[in-house]
Amino acid sequence: MLRYDSLTVSVILILGIVCIRLEEAFGEIFEENIKFCLRTEPRLLSDIEKHKNPLDDNAPCEIIATTLTSLEKESFRNTMCKDHGSTHKDAFYFLKMYNGNLIGRGQYHEICHSKTNPLMAWIPYDMMQQYYAQYLDPKDRINYMAKATDVSREKTELCHFRHSDLVNHISDNLFTCVVMIFEDNFYGLESSINVLVEIKPLMYELRNITYLPWVNSSLSYKTLLGKTALKNPSREQKQIYGSFNYEYVEKVVVNLSSVYKEEGLLRLPILFEHKNAVLKLDDKGIGGMDVTEKAYFGRKMDPKTKVRVDLIGQWAEHQHIFNADIYEYFGSGIKRFHDEMKNGNVSFMRIDSTEPVYEMPEPEDIVVAHLHSLNGKLFQRLTEEANETDTEADDFGDVFEDDDEEMHVEGLRDDTDDDGWGLYPWFVLILLAVGGILLAAIYGTVQKYSDKREPRKYKFTGVATK
């Protein structure tokens, strides 16, 4: 019997509950909208003239937003924040977007007075009209900010257009995007019109993580990782070694209160850098990663024996304090440094140690020794040497599929012996038969000779009497 039989049922139940909880947590992981794409390369006038789209080869992208260049940011602040002034009676708006969805709008004063340096971008007017106009209220009477590019004049200017033009799909001959400040010129849809939007971050990335010396560890339950067996094919007692490949999900739990205590952070999902990978954590700070490990074990075994092995793993929880850099992630691989954080808290639940549990060898696996005479041992040795040339190595790369675990035992070979009687019994029987015949012949001869000599004995006795 195995030593852990009394714990097996409870361990399996607890492991099943953990797996269900992990699946529920992973099911809530944030998914990035692949149809909404960001790019940082500015569109050149020559590209606009040729109607060339740099992301034409990216089929999933339906909506493309291009971030402002440094020159465009400077021009915007000079035009809207300095020349136009914060006390201007007109309120010009921009749209706010999160993961490709409209979440609101704001006035240009928010950009001028903002301390967070928002990520601003341009979206082509026709895309705004096709994908977002139906979600806007037609009754609003406001103006949106945009930029207009006239290829023939090789000129790009900030302008504003009416909200009603966007929601009512005003045609080209009625649409106007009026130049800012002096409003002495306007552009039509025949020019390249791009609407100003703010892109909100999708997640925070915790990068460049450094762990402090303090670690709080606690051991949890043991679980069965898989089954295998060891064989000793040799005719000598010796140490036999094996290895076992097993997989598990390392659970990562970040205490979000230790992250969001920083001022100015929205409550967004977290990307966590761990073991040269970036893990996606859900809104509760829970994530995980697949881990593949190998365990080595061995024992001293008698000749020609086989023993079954169960590999047991010890779950452990390690709690760490860490410092990290916080990056804002906007999608399409675009991220930006935000701030540093101190004294974050994270826990790792993983298989910390393994141990083999051996079962007693089965009776049929034990070879019984036989006693023979000197000639019999010699004959048996010659027979075994002849049989060894015909035996095949037993490939002991058994694979066990218990709980989706794979196990491989390496470096073991088994010789197949011929356990038949051979010629030795027949040789003994023949010797016994010949010996019996010789004894019978000798006995018959002696008996016959004795019968012939008996009368002579009486005759000599009679003569002596006379």
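The values are calculated or read from the model by the stated rules, or taken from the named source; none is laboratory data. Everything numeric in this text was worked out from a predicted model, so none of it was measured. Every residue, glycine as well, gets a Cβ built from its backbone with ideal geometry; the counts of neighbours run over all protein chains shown. These area figures cover heavy atoms from the full protein model, side chains too; ligands, DNA and RNA do not enter into them. Shrake-Rupley method; radii C 1.70, N 1.55, O 1.52, S 1.80 Å.
Distance between the modelled labels on A440 and N33, one decimal in nanometres: 10.8 nm (7 Å Cα→Cβ projection). Residues in the range 325-336 carry Karplus couplings, in order, of 9, 9, 10, 8, 10, 9, x, 6, x, 9, 9, 8 Hz; the curve used is 6.51 cos²θ - 1.76 cosθ + 1.60 with θ = phi - 60°, and Gly or Pro positions show x. Per-residue 3J(HN,Hα) values for the range 172-186, derived from phi via the Karplus relation 6.51 cos²θ - 1.76 cosθ + 1.60 with θ = phi - 60°, read 5, 6, 10, 7, 9, 10, 7, 5, 5, 6, 7, 6, 9, 8, 8 Hz in sequence order (x marks Gly and Pro). Modelled spin labels at A433 and K342, positioned 7 Å past Cα toward Cβ, are 10.2 nm from each other.
Checking the cross-link pairs K222/K261; K96/K251; K280/K342; K73/K200; K73/K155 against a 27 Å limit on the alpha carbon distance flags K222/K261; K96/K251 as lying beyond it. Taking amide H atoms as placed 1.01 Å from N in the peptide plane, the amide H of N185 lies under 5 Å from those of V179, each 5 or more residues away in sequence or on another chain. Rolling a 1.4 Å probe over the protein heavy atoms leaves H109 with an accessible area of roughly 40 Å². Listed values for the range 99-110 are Karplus-derived 3J(HN,Hα) couplings in whole Hz (6.51 cos²θ - 1.76 cosθ + 1.60, θ = phi - 60°), namely 6, x, 10, 6, 10, x, 8, x, 8, 5, 4, 5, and x replaces Gly and Pro.
Amide H contacts of I240: R299, K300, M301, each under 5 Å away and 5 or more positions distant or on a separate chain (H built 1.01 Å from N in the peptide plane; Pro and chain starts excluded). Counting heavy atoms of the protein chains alone, M341 has an accessible area of about 0 Å² for a 1.4 Å probe.
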